[in-house]
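Worksheet: one structure, shown below.
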Amino acid sequence: SFICKGKKKYSILQIFADKMYIDNVIRNLLENALKYSDEEVEVTVTMETKEQILAVSVKDNGWGIAPQHQKKLFTQFYQVPRDEDKLRRGYGIGLAQAKYIIEEHQGEIKVSSEENKGSLFTFTVPLQ
């Protein structure tokens, strides 16, 4: 199981999940927040529970993603087209893998984003 500390002092939440895979999803979201932003990026990670669901969010003030690309983000090998100065190395598999992992844990992952304002990625998984 994967254990994380909640907002309440001394509270511990436990979910039935593969720690390595959930760590991988969180790492991917954090790396993307840093990778697709300028140097002054601010990244916020939050965890909260509601009705036996754990929600983990990674929010940044980076480059953001145009609406027409958001639906394709979780497709294997898809990369958002960028101007030459904003091209980054990658294979377009991280978010597809994250979606697969979260869905295998009976959860969901989604994105909310606006160009030049940043992105908010949230995934949910059921509590034990």
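For the reader, a short list of remarks on this structure follows.
- The largest accessible area among Glu48, Glu40 belongs to the first residue in Glu40, Glu48, and the rest follow in falling order (1.4 Å probe, all chains).
- Listed residues Met20, Met47 arranged by accessible area, highest first, probe 1.4 Å: Met20, Met47
- Amide N of segment 98-128 lying under 19 Å from the label point, which is placed 7 angstrom from the Cα of Thr44 along Cα→Cβ: 110-124
- Accessible surface, 1.4 Å probe, highest first, among residues Tyr21, Tyr36, Tyr100: Tyr100, Tyr21, Tyr36
The values are calculated or read from the model by the stated rules, or taken from the named source; none is laboratory data. The structure presented is a predicted model; accordingly, all values stated were derived computationally and were not measured. FYI the Cβ positions are ideal-geometry reconstructions off the backbone, even for glycines, and counts take in every protein chain you see. Quick note on the areas: whole protein, heavy atoms, side chains included, nothing else; ligands and nucleic acids left out. Shrake-Rupley method; radii C 1.70, N 1.55, O 1.52, S 1.80 Å.
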